[in-house]
1. If you take the Cα atoms of the chain, find Rg, then find the Kirkwood Rh from the mean of 1/r over all pairs, what is Rg/Rh?
2. Considering only the other residues whose Cβ falls under 11 Å of the Cβ of A198, what net charge follows from Lys and Arg at +1 and Asp and Glu at -1?
3. For the chain, modelled as a GNM with alpha-carbon contacts under 10 angstrom, which of L180, L287, L20 fluctuates the most?
4. Say we join alpha carbon atoms closer than 10 Å with springs in a Gaussian network model of the chain; which of G203, G174, G266 then has the biggest fluctuation?
5. When Lys and Arg each count +1 and Asp and Glu each count -1, what net charge do the other residues less than 11 Å away from L163, Cβ to Cβ, add up to?
6. Which of N206, N307, N48 moves most in a GNM of the chain, Cα contacts under 10 Å?
7. Using the alpha-carbon atoms, what tilt in degrees (0 to 90, nearest 10) does helix 153-170 show relative to the longest principal axis of the chain?
8. I'd like to compare 267-278, 149-160: which one has the highest average count of other Cβ atoms within 10 Å, and what's the full order after that?
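Coordinate-derived values only; no laboratory data. Everything numeric in this text was worked out from a predicted model, so none of it was measured. Neighbour counts are summed over all protein chains in view; Cβ atoms, including those assigned to glycine, are modelled from backbone coordinates with ideal geometry.
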Amino acid sequence: MTSQIEGIFARQLHERRKRLEEAAARSGRSEELTHLLRDVDRALDKINNGTYGLCEICKDSIEPERLTADPLIRYCLDHLTSTEQRALEMDLELARQIQTGLLPRKEILLPGWENAYHYEPSGPVSGDYCDIIVPKGSDDTFFFIVGDITGKGIAASILMSQLHATFRALAATGLPLHQLMGRANRIFCEASLITHFATLVCGLANSDGNVEISNAGHCLPLVLRSEGVDRFPSSGLPLGITCDGKYTTERSHLKHGEMLLLYTDGLSESTGNTGERYGDDRVVDILKSEGSTLPSRLIAAYLEDLNSFASNRQRSDDLTLLALRKV
Ligand SMILES: [Zn+2]
């Protein structure tokens, strides 16, 4: 663990200790508070003697994302007690259900567009963000978003739900897209750890086929036209890198039958049976060969191709695909 990250945990633990002491001053030192203070002091001692983040049984590193979610944990996943194991499984299942509930409705109707998406965590929960937002009172425009938070698992999934809340709130403000991204970046930057950032594409489309896209360092959105495949350029740094990040908006128009595809690197960076990368060219090839159809069929074609490319491998990264076709 780097001293910088250790410093972040130390600050969090000192802050937690202060709050516990304040609670004890207000309501007396209950048995529970005494236990919590002891746990915090134990973690601070470990930071001082250089053993913080190591499992107390095997001395291996504790999974960083678990430590981020709870800086007081003492054992790696292999050495949980059976009670802790069961509690963890129940927590993860609940987190999975909550996250699934944050996804856009599969049957959502959009003005002038067909749509489909695929959202697949590599574990119980995902660090990808996928959303379609129809602002209240709007019958002509909608937002579409695909993002990818660094890391996987619980910490990333918590930040995913934060992005979800942020964009849901900002979508109602009517801000120009580049300003909306700047605002979302500031909120994310101020709330997340310096170890975490998010690449993300946020788009706004209307029933005439006009599309605006702002891209914070994410895989480039692709458009299949009769002349070939276009790419929307990236227009800013990933969210959370710097709090005053600036973003721009790219504009385009899609004609009847043209297809827009957004995806996370769980597709393009996927590794095959012999260790080779799936790659951006293959993403483009499938779009060219299968993109003149329904969005749901295009996504099915990617999943079929990905499964044949990596048939022996379990997914190592979260995967999200979102396809929109102008009708
Ligand atoms: Zn262990």
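1. Working: Rg = 22.2 Å, Rh = 21.7 Å.
That ratio is 1.03, to two decimals.
2. Working: positive: none; negative: D128, D148.
Every neighbour counted, the sum reads -2.
3. It is L20.
4. G174
5. Numbers: positive: R168; negative: D128, D131, D148.
Taking every Cβ under 11 Å from that of L163, the sum is -2.
6. For the chain, modelled as a Gaussian network with Cα springs under 10 Å, the answer is N48.
7. Helix 153-170 sits roughly 60 degrees off the main axis of the chain.
8. On the way: 267-278: 14.7, 149-160: 23.0.
With the highest mean Cβ count within 10 Å placed first, the list reads 149-160, 267-278.
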